[in-house]
Amino acid sequence: MPVPTFLRIAVPSPLRRSFDYLPPKGVDIDTLQAGQRVRIPFGRQVQIGVILAIRHESDIEPKRLRHVLGVLDQTPVLTEELLALLQWASDYYHQPIGEMLANALPVLLRKGQPAQARAEVRWQLTASGSTASATELQRAPKQAALFTQLRHAHPLPLSAPDFAAQHTHWRPPLRALIERGWVEKRLLYGLSTSNGTVEDPLPVNSEQQAAIEAITARAGEFACFLLDGVTGSGKTEVYLGVIAEILRQGKQALVLVPEISLTPQTVARFQRRFACPIAILHSGLSDRERLDAWLAAAANEAGIVIGTRSALFTPLAQPGVIIIDEEHDTSFKQQDGVRYHARDVAILRARRLGIPIVLGSATPALESLLNVEQGRYQSLKLSVRATGAALPPIQTIDLRGQPLLHGLSKTLTDTLRAHLARGEQALLFLNRRGYAPTLCCHDCGWLADCPRCDARLTFHAGHQRLRCHHCGTEQVLMPSCPDCGSTALRALGQGTERIEEALAEMFPAVGVIRIDRDSTRRKGAMQTMLDSIHSGEKQLLVGTQMLAKGHHFPSVTLVGILDADQGLFGADFRASERMAQLIIQVAGRAGRADKPGQVLLQTYHPEHPLLRSLLTEGYAAFAAQALRERREAELPPYTAMAILRAEATDRDRPLGFLSKAYELASGLADASVELLGPLPAPMERRAGRFRAQLLLQAPQRGPLQHLLTAWLPALDELAEGRKVRWSIDVDPADTL
Ligand code: ADP
Ligand code: ZN
Ligand code: ZN
């Protein structure tokens, strides 16, 4: 009697489990492997799943199991390494394994398309072929002729038309050369490559050199480095130096960046420096291009893979190093759908692969700094700007009692005028897009609220519309007050659009450019705007945090921060950390080249202790103080945190579900796990749904994980849970 075989399969579904199936009829069991995609009956539908394991037992009676309908892949699309990583992430973040896997796969693979690239077939000499001599082929003149042609082209590979142009019946001798081990097939994936010319590296300074050496010395083993370098210190140059060595060893580099479309300059630097094909996974790729890039990385055809968060799950044939640029950036945390932190999972991936990982930032996350303090990460410091430029001093402007014109103090306006008069560029930062955050009736006090959220609608003058920045609701600007009919509607407060308008009025002779999510929506818009800044055509820049992301504007000498107070009293415990990072990053755009920079920061709270330590002693001192406060308040990174969130169109249901969840947890939890709530979310109503949350905290991860493992399956069973939308967020990026 043959041993029964079952396939454990991950199916994209919100259910927190995998499913057992019988092997497909008439398929040889020995051809099946974990990581292959299969078509399966699921409920009344046919779904694409991934084999997690081949087993000889099942908790379900074989009679009740269904057969897999078909196997889609001959070889696994997910390697053992990635499967194990995704399984770990699914367990740690308590996200359904099927969704975790689906999130990692390119869309076309998710939809069941074949895992085949649109690659071009070429042939080239192997290492032994390149040192061989045609005299060995005297008795095979056809092979000799083909060999000579390949030799001339070496190291470039040749295509079928190349051979056909010079030989008839070239396939048999080519096959013979392949059998001899002199020639190999190559697949070209249409990745971006430099056009043969490669830029020389800059001569690095001693700190950069020390960082490159420290990292490359650990090639081939796990080590986590925090490259803590001030803005403009040449971190990118360190990445490039490390990657050059990794490529020399025949290995690949995986680079994660916050947002590729916003920093075309950085990507261009990689392309100019290396001759190898680079897979760039940006949001503008078609599904087809994304799949090709993914397969190229898996086939070792891409020496470098650069992408945002989800590129973390790209298969690598010869992994050599992982680099996380701007590691503090919140975009590495996926907030909806499957929740996970790409930086943290990347560290685990590096550990399992036994390769170094580099986290780079001028403003490291408090988590990362604590890890350095506790000896888990090695800190590498770049303390000066690579160009020799000085870091700009930050001066505060006390707004109390000062007259403001469009949100600008006189000091800021005067300084701005002086810089512009010298022909220099200036950047004004305001993290609020739109014209004004509030529209108000001057006669009756009516305010334009979002009908679906506990929030105000933002007035966008360009489109003459009111828009909710939380749910996307849009209304055409009304001609008069809906309550009293008055036409005296006033825009209160400032957004980037309004500042742009005010600046254009104040400085009619210089061009103003606005960079925010609205102005950069069109494809290529960002690049066009960056070009007009680099060419000097525009002298004044106003924008949101998009401006803070790694740009290098050599002629910007003045940075004005219009409102530093948003972060000081934010509802979330990370608000001040985010504010400090933004201030330092934005300030870091000033004076990066030969002319010295200056930063002016407007605040109503110049004596706020965190702001003071940031401005007088710098980010490291701020971070040390912020960490002390976190420890005293028993908050992450000194504690482990998770949030159970629930929402529904009815106000009571989320709280009802969370109360039940609370009861269940109290029965299961170790005394060290603290349960806070349930409470309505700080913004209770969003997009027509009422939201509530239950916060879980423990001094150690162990007991919290233990509770989650027992608790979540119980929550899945709760009747109250079916009437709400709920989710678990482990290591939440915010508590909002
Ligand atoms: P970061 O990523 O730390 O903000 P970059 O790597 O973008 O810094 O470097 C900032 C600027 O300094 C760039 O214009 C870069 O070309 C230049 N740079 C980097 N390293 C050196 C060096 N060793 N010597 C001279 N200039 C350098
Ligand atoms: Zn009114
Ligand atoms: Zn809304």
The chain, Rg to Rh (Cα coordinates; Rh as Kirkwood inverse mean 1/r): 1.00
Spatial separation of Cα centroids for segment 385-417 and segment 158-175, in angstrom: 68 Å
Principal-axis tilt of helix 235-248 within the chain, Cα atoms, nearest 10 degrees: 10 degrees
Integer Hz, Karplus 6.51/-1.76/1.60 couplings in order for segment 505-521, x for Gly and Pro: 6, 5, 10, x, 7, 9, x, 10, 10, 10, 10, 8, 4, 6, 7, 10, 4
Relative packing of 694-707, 113-126, 130-143, which averages over residues the other C-beta atoms within 10 Å, highest first: 694-707, 113-126, 130-143
Computed E for LYS63/GLN374 - FRET, C-beta separation, R0 56 angstrom, nearest 0.05: 0.55
Listed peptides 329-337, 54-62 by packing density, highest first (mean Cβ within 10 Å): 329-337, 54-62
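Ratio of alpha-carbon Rg to the 2.2 N^0.38 Å globular estimate for segment 474-525, to two decimals, please.
1.55
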Karplus-derived 3J(HN,Hα), 6.51/-1.76/1.60, for each residue of segment 364-372, Hz, glycine and proline x: x, 4, 4, 4, 5, 5, 5, 4, 5
Amide proton proximity set for ILE323, modelled H, under 5 Å, gap of 5+: LEU254, VAL255, LEU256, VAL358
Rough spin-label spacing in nm, given labels placed 7 Å along Cα→Cβ, for ALA140 and GLN527: 4.6 nm
Positive-end extreme of charge dipole, the chain - chosen from SER409, PRO203, GLY129 (charges on Cβ): GLY129
Simple label model, 7 Å out from Cα along Cβ direction - LEU188 to ALA153, nm: 0.8 nm
Under-5 Å amide H pairs with LEU227, H placed in peptide plane, nonlocal only: LEU359, GLY360, SER361, LEU380
Contour minus Cα-Cα distance for LEU712 and ASN300 (0.36 nm per residue): 144.3 nm
3J(HN,Hα) from dihedral phi, segment 56-69, Karplus parametrisation 6.51/-1.76/1.60, rounded to Hz, x for glycine, proline: 10, 9, 9, 6, 10, 4, x, 4, 8, 8, 9, 8, 5, 7
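Work out how much length HIS442 to ARG352 would gain on full extension: take 0.36 nm times their residue separation and subtract the Cα-Cα distance, in nm to one decimal.
Full extension of this stretch gives 26.1 nm more.
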Contour excess over end-to-end distance, with Cα ends at GLN395 and LEU492 and 0.36 nm allotted per residue: 32.2 nm
Size descriptor, Kirkwood hydrodynamic radius, that averages inverse alpha-carbon separations across segment 673-715, Å: 11.9 Å
Cα Rg, Dmax, segment 73-176, angstrom units: 22.1, 66
For segment 265-313, alpha-carbon Rg relative to the globular expectation (2.2 N^0.38 Å, N residues): 1.08
Rounded to 5, the percent of DSSP beta bridges in the chain classed as antiparallel: 55 percent
Surrounding net charge for ILE51, when Lys and Arg each add one and Asp and Glu each subtract one, Cβ distance under 14 Å: 0
The chain: relative contact order as a whole-number percent, Cα under 8 Å and 6+ apart: 10 percent
Label point 7 Å beyond Cα of SER331 along Cβ direction - residues of segment 277-295 with amide nitrogen under 17 Å: 280-286
Using alpha-carbon coordinates, inclination of helix 342-353 to the longest axis of the chain, degrees: 30 degrees
Relative counts (whole %) of C-alpha pair distances in segment 581-668, using bins that are 10 Å wide: 13, 25, 22, 19, 16, 5, 1
Most to least packed among 73-79, 314-320 [average Cβ atoms within 10 Å]: 314-320, 73-79
Fraction of antiparallel bridges per DSSP, segment 438-577 only, in percent to nearest 5: 70 percent
Reciprocal mean inverse distance between Cα atoms of segment 297-417 - Kirkwood radius, Å: 18.2 Å
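Every number in this text was worked out from the coordinates using simple rules, so none of it is lab data. Everything numeric here is computed off the predicted structure, so don't read it as measured data. Ideal geometry is used to build each Cβ from the backbone, glycine not excepted, and the neighbour counts take in all protein chains shown.
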